[in-house]
Each structure stands twice: as structure tokens, then as C-alpha cells.
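Laboratory data are not the source of any read-out in this text; all were calculated from the coordinates shown. Not measured: the values here are computed from a predicted model. Every residue, glycine among them, receives a Cβ derived from its backbone with ideal geometry; neighbour counts consider all protein chains shown.
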Amino acid sequence: MKIDHLSQLTLMVYGWMPRTLRIDNTYLASTLNAVKAASKTSLNDFDSVPIQNIANCLRSVVGASKLLHFINPKVYPIWDSKIQAFRGFPTRNSNMQRMDNYLAYVRDVHAIVEEKGFNNFYTQFNEAYRERLEQSQIEVYKVGPLRAIELSVFELASRACQR
């Protein structure tokens, strides 16, 4: 990956985040290497990728999770404070900046995918999602298993916050 490509991806990621992109150039070279490794990794070895370098460069584990999701959505789910709160964990900035919390979430999401009955949930989710998109007159598309979990948690967390 080249620096221009990384710059484009980070700008896209931060375009939907409520904070300003601040890159720490000290970690730029190691981030490029980590992004390259993350793009090729699988569930079996995802935690061997030095993704802390990405978080250090972006000064955000949440930002790193979103970048990783764009790079390899089959392995890395998006993580944010709503998801962390829904999981029952404090969302203080110190918790959201801990890579071990994100990696635990990645493992939890993949464990859900492996649960008996997940395929049934996934089929039903995509059917409901298709109907919702059609009602909103948005082109229909299917989401992957990790994204289905993320969207479900985000929806449930949003509803809990409204109460």
C-alpha cells in the first residue's frame, strides 16, 4: 500500500467520524506495513498483525477499527462507543483506546458467527435489511456476517439510548 492510498482511506474513514483526523507521522511506515498485513490476514492470525501501530498513527483505536474494516471486512469489525456500551463495558476514552478491548470484541464477533443458529439469524437479517432498503427506495445489497452483527448491535444500542 502506498501513502496516497492510505491517506484516501483515512480521509474516507474520518469523514463519518465525529473527530478530526490527526496522523502521527512517527508511525506512518509501520502503519503501512500493518495495513498491508491486515489486508491479507485471516481469522486464524488476525491478532498477529501489529494493528496497534495503526491506532498509534491515527491516535484512535476506533479509527483503526474502521480503517481495518474497509481493508478486510471479513476479519475486522467496526468498533465504537455504542457497541462497547451495548456490550456492557464502560466507554470512557481510556477503555476505547485499549487495543485489547478491541481484539476481545473481534474475537466475540467471530464467536457469534460460529454459534449454532447464526446462519438462520443471518438469513433473516438480510431479508429484513432488504425489505428496509426497498421501503426506503435504496438499492438493495447484502451485508456480510460481521456487518450484520455490527448493524444489529448498533440498532439495539441506539434504541436503548432512546429510552
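Which distance in nm do the two modelled labels at ARG98 and ILE138 give, with both placed 7 Å along the Cα-to-Cβ direction?
About 3.3 nm separates the two model spin labels.
Report the extension gain between GLU131 and MET17 in nm, rounded to one decimal, defined as 0.36 nm multiplied by the number of residues separating them, less their alpha carbon distance.
Contour length minus the Cα-Cα distance gives 38.3 nm.
Please give the helix 118-135 orientation as an angle from the longest Cα principal axis of the chain, in degrees from 0 to 90, rounded to the nearest 10.
With rounding to tens, the tilt is 80 degrees.
Is it possible to state the helix-based mean residue ellipticity at 222 nm for the chain, with each DSSP H run of 4+ residues giving -39500 (n - 2.57), the sum divided by total residues, to the nearest 500 deg cm²/dmol? What is it?
Helix contribution divided over all residues of the chain: -20000 deg cm²/dmol.
For a quick check, take a GNM of the chain with Cα springs below 10 Å and name the residue from GLN84, GLN135, GLN124 with the largest mean-square fluctuation.
GLN135
Calculate, in nm to one decimal, what PHE121 and LEU151 gain on full extension: separation in residues at 0.36 nm each, minus their alpha carbon distance.
Taking 0.36 nm per residue and subtracting the Cα distance, the gain is 9.5 nm.
Run down the lysines and flag those whose C-alpha is under 27 Å from the C-alpha of LYS36, throwing out any fewer than 8 positions away in its chain.
Filter leaves LYS2, LYS66, LYS74, LYS142.
Normalise the Debye intensity by I(0) for the chain, one equal point scatterer per Cα, no solvent, then take log10 at q = 0.09, 0.14, 0.17 Å⁻¹ and round to two decimals.
Log10 of I(q)/I(0), two decimals: -0.32, -0.77, -1.10.
Taking the alpha carbon gyration tensor of region 1-60, what are the square roots of 5 times its eigenvalues, largest first, to the nearest whole Å?
Values: eigenvalues 76, 30, 27 Å².
Output for region 1-60: semi-axes of 20, 12, 12 Å.
For HIS69, what charge total do you get from the other residues with a beta carbon under 9 Å from its beta carbon, if Lys and Arg give +1 and Asp and Glu give -1?
On the way: positive: LYS66, ARG147; negative: GLU150.
Every neighbour counted, the sum reads +1.
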